[in-house]
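A.B. asks: Would you mind keeping the following structure in view while I ask a few things?
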Amino acid sequence: MFWSDEMNLGLKKDEVRLVDHQPDWQGQFKDVKRVLQAQTLMAEERIAHIGSTAIKDMPAKPIIDILVGVDDINYIEPVFFHNLKKAGFLRIKVERPNEIVCAKFTDHTFTTKTHFLHIVNYEGDLWQNLIFFRDYLNDHEDAREEYAALKRTYASQSSYGIIQYTNQKEPFVKRIFAKRLTM
């Protein structure tokens, strides 16, 4: 159920730590995707690698973010969460609109998270925004460099405060999301 020390993945609660981009992150995602597909029988296109670990040359928190698209976020069969648990993912107490978050931990102490699963409506606005953000930064070096600088600035000032870290990045992220509607 747990992966320990995979490519030094993992952060403790509220920890903010950036590492240089690791080429193996894509392989780590593919391995977990295979497990998720086997346990949930989800279609391949409904599981996507997102977040900074999916952006080339981007420093990132050492956690693999995975987007999972469901038909209706408000009605998910309990067996789905049971199957996610068999794949090593547990639902966590993160409150976000139109999203359910699960995490994979290094061990039974549940102190260090290695993967996040972001469950959203498949092809809904949030799904499209998150995929667009990843693709836009992969295609636009100037935006990628600006985002990396923003992340490094916060991480150089504090190694804790994930909410503050996220809030500092939010205006940039929303600006990129807005580009989706104009392209």
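Nothing in this text is a laboratory measurement; each read-out follows from the coordinates by a stated rule. Keep in mind the model is a prediction, meaning the values are calculated, not measured. Quick reminder, even Gly has a Cβ in these numbers, built from the backbone with ideal geometry, and neighbours come from all protein chains shown.
A.B. asks: For all pairs of alpha-carbon atoms in the stretch 136-183, what percent lies in each bin of width 5 Å, listed from the first bin to the last filled one?
C.D. replies: Calculated over all Cα pairs of the stretch 136-183, the distribution is 5, 20, 27, 23, 15, 8, 2, 1 percent.
A.B. asks: Right, another one. For a label point 7 Å from the Cα of Asp20 along Cα→C-beta, name the residues of the stretch 59-73 whose backbone N is under 18 Å from it.
C.D. replies: Taking a point 7 Å out along Cα→Cβ of Asp20, the residues of the stretch 59-73 whose backbone N falls under 18 Å are 59-63.
A.B. asks: How many percent of DSSP beta bridges within the stretch 6-182 run antiparallel, rounded to 5? Don't jump to the answer; show the numbers that get you there.
C.D. replies: On the way: 17 of 24 bridges.
Antiparallel bridges make up about 70 percent of those DSSP assigns within the stretch 6-182.
A.B. asks: Then there is this: With the Cα gyration tensor of the chain giving a ≥ b ≥ c as the square roots of its eigenvalues, does the rule (a/c under 1.5 for rounded; else a/b larger than b/c for prolate; else oblate) give rounded, prolate or oblate?
C.D. replies: Values: a/c = 1.61, a/b = 1.20, b/c = 1.34.
Oblate.
A.B. asks: Mind listing which trypsin sites (Lys or Arg not before Pro) in the stretch 1-79 are in a DSSP loop and have 12 or fewer other Cβ atoms within 10 Å?
C.D. replies: Values: sites: Lys12, Lys13, Arg17, Lys30, Lys33, Arg34, Arg46, Lys56; in loops: Lys13, Arg17, Lys56.
Filter output for the stretch 1-79: Lys13, Lys56.
A.B. asks: Here is a follow-up. Tell me, what HN-Hα J-couplings in whole Hz come from the Karplus equation 6.51 cos²θ - 1.76 cosθ + 1.60 at θ = phi - 60° for each residue of the stretch 104-121, using x for Gly and Pro?
C.D. replies: 10, 10, 6, 7, 6, 7, 6, 9, 10, 8, 10, 9, 10, 10, 9, 8, 9, 5
A.B. asks: Applying the Karplus parametrisation 6.51 cos²θ - 1.76 cosθ + 1.60 with θ = phi - 60° to the phi angles of the stretch 166-183, what ³J(HN,Hα) value in whole Hz is obtained for each residue in order, glycine and proline being reported as x?
C.D. replies: These are the phi-based 3J(HN,Hα) values: 5, 4, 5, 7, 4, x, 5, 4, 5, 5, 6, 3, 4, 4, 4, 7, 9, 9 Hz.
A.B. asks: Can you compute 3J(HN,Hα) from phi for each residue in the stretch 70-84, using the Karplus curve 6.51 cos²θ - 1.76 cosθ + 1.60 with θ = phi - 60°, rounded to whole Hz and x for Gly and Pro?
C.D. replies: My calculation for the stretch 70-84 gives 10, 5, 8, 4, 7, 9, 10, 4, x, 4, 4, 5, 4, 5, 5 Hz in order.
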